[in-house]
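To start, the structure itself, in structure tokens.
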Amino acid sequence: MIKLGDYMLTNFNEMLSLAKEKKYAVPHFNINNLEWSKYILEECQKEKVPVILGVSESAIKYMGGSNTIVGMIKGLIKDLEITIPVCLHVDHGSSFETCKEAIDAGFSSVMIDASALKLNENIEITKKVVDYAHQKGISVEAEIGHIGSQGANPTNDMNATVEDCIKLYQATEIDALAPALGSVHGFYKEEPNLDFERMKEINEKLPIPLVLHGGSGIPDEQIKKAIACGISKINVNTELQAAWSYAIRNFLEENKKVYDPRKIISSGEEAIKNVIAEKIKLFGTI
Ligand code: 13P
């Protein structure tokens, strides 16, 4: 059972270690604005499940900056009387500076993604972020291998190796690892081809929780298999974006005279909440 809290942001350590032990996954939903954040918090509170709010670097810029986001999320947690554990997490931070700025502003967790670099350079940057974050009780996720983008299935040589995962973990003491094992950001053009064997092996060799990026569009059976192979955090963005924008497009088609932005934007609320509810159930978080 999760502990209900008192309006604080938390790192992901407790929520993910419980998920790893009990074999379910905590949802990481990306946020893009005030409304998405509100809908995610409300739906997760309704179901009493912990949640990780992921914010990409471009979303941080879009919303005005790290301080704006921290103020907004803390305000929502208080005003909506949210008592579930909420982790505010930088998604794919590309540098030490981005992570430091977010931590200083009050984020409770960061991902440093130096996966495009050579292993020794990835280790060096990740370790610098861990050293800064851990003194402040902030959790750190890192990435290794190459997660695909926009549909094309990655080739096997883009997948993380077990040896590199162990080296990265031992040299940095990260709190969670996203090993690229065939997943893709955005919708898939072909059936996803995840390396479950390697996922299982990495999970057996590492004591920390594993993260699956590119959670949109993976068939339910494969999601369940990934959780059985040790995935404890699943990132979802594209499916929320698609559901929200289709709903808004339909609303505008059917209501050509409406111009109140609150009516337009909130016409996507039900669609987004439906996706959240489905994912929570599928991930076994409830
Ligand atoms: P999708 O957009 O494919 O759901 O991936 C989200 C993600 O992995 C964010 O880090």
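Each other residue within a Cβ distance under 10 Å of Ser94 adds +1 if Lys or Arg and -1 if Asp or Glu, for a net charge of -3. For the chain, the longest principal axis of the alpha carbon atoms and the long axis of helix 162-172 meet at an angle near 80°. One Cα centroid belongs to segment 252-286, the other to segment 140-194; the line between them spans 30 Å. In this Cβ point-charge picture (+1 for Lys and Arg, -1 for Asp and Glu), the chain has a dipole of about 540 debye about its Cα centre. Label-to-label distance for Tyr62 and Ala116 is 1.9 nm, based on points extended 7 Å past Cα in the beta-carbon direction. Amide H contacts of Ser183: Gly148, each under 5 Å away and 5 or more positions distant or on a separate chain (H built 1.01 Å from N in the peptide plane; Pro and chain starts excluded). With semi-axes defined as the square roots of five times the eigenvalues of the C-alpha gyration tensor, the equivalent ellipsoid of segment 78-209 measures 26, 19, 14 Å, largest first. Per residue, the convex hull spanned by the Cα atoms of the chain measures out at 120 cubic angstrom.
Annotation: amide H of Val26 within the under-5 Å range of Lys233, Ile234, sequence separation 5 or more or interchain, hydrogens built in the peptide plane.
For the chain, the 222 nm mean residue ellipticity estimated from helices alone, with every DSSP H stretch of n ≥ 4 adding -39500 (n - 2.57) and the total spread over all residues, rounds to -15000 deg cm²/dmol. Would you tally the net charge around Glu124, using a Cβ to Cβ cut-off of less than 13 Å, leaving Glu124 out, and scoring K and R as +1, D and E as -1? Net charge around Glu124: +2. What the phi angles of segment 273-286 give under the Karplus curve with 6.51, -1.76 and 1.60, with θ = phi - 60°, is a coupling list of 5, 5, 5, 4, 4, 4, 5, 4, 5, 4, 6, x, 5, 6 Hz, glycine and proline written as x.
Sorted fewest first by neighbouring Cβ atoms within 10 angstrom, Tyr259, Tyr132, Tyr188, Tyr39 come out as Tyr259, Tyr132, Tyr188, Tyr39. Would you mind checking the pairs Lys22/Lys78; Lys100/Lys224; Lys167/Lys273; Lys48/Lys225; Lys48/Lys167 and listing those with alpha carbons more than 32 angstrom apart? Exceeds cut-off: Lys100/Lys224; Lys167/Lys273; Lys48/Lys167. The orientation-averaged projected area of the convex hull spanned by the Cα atoms of segment 1-143 comes to 8.3 nm².
Net charge of the neighbourhood of Leu177, taken over other residues with C-beta under 9 Å away and scored Lys/Arg +1, Asp/Glu -1, is -3.
Working note: Karplus 6.51/-1.76/1.60 with θ = phi - 60° gives segment 259-266 the couplings 10, 5, x, 5, 5, 5, 5, 7 Hz, where Gly and Pro are set to x. Coupling constants for segment 189-200 follow from the phi torsions by the Karplus curve (6.51 cos²θ - 1.76 cosθ + 1.60, θ = phi - 60°), and in residue order they are 7, 10, 4, x, 10, 8, 8, 5, 4, 5, 4, 5 Hz; glycine and proline get x.
A short reminder: the numbers here are calculations on the coordinates, not readings from a lab. Here the structure is a predicted model, which means the values were calculated and not measured. Please note: Cβ atoms are built from the backbone with ideal geometry, for glycine as well, and neighbour counts cover all protein chains shown.
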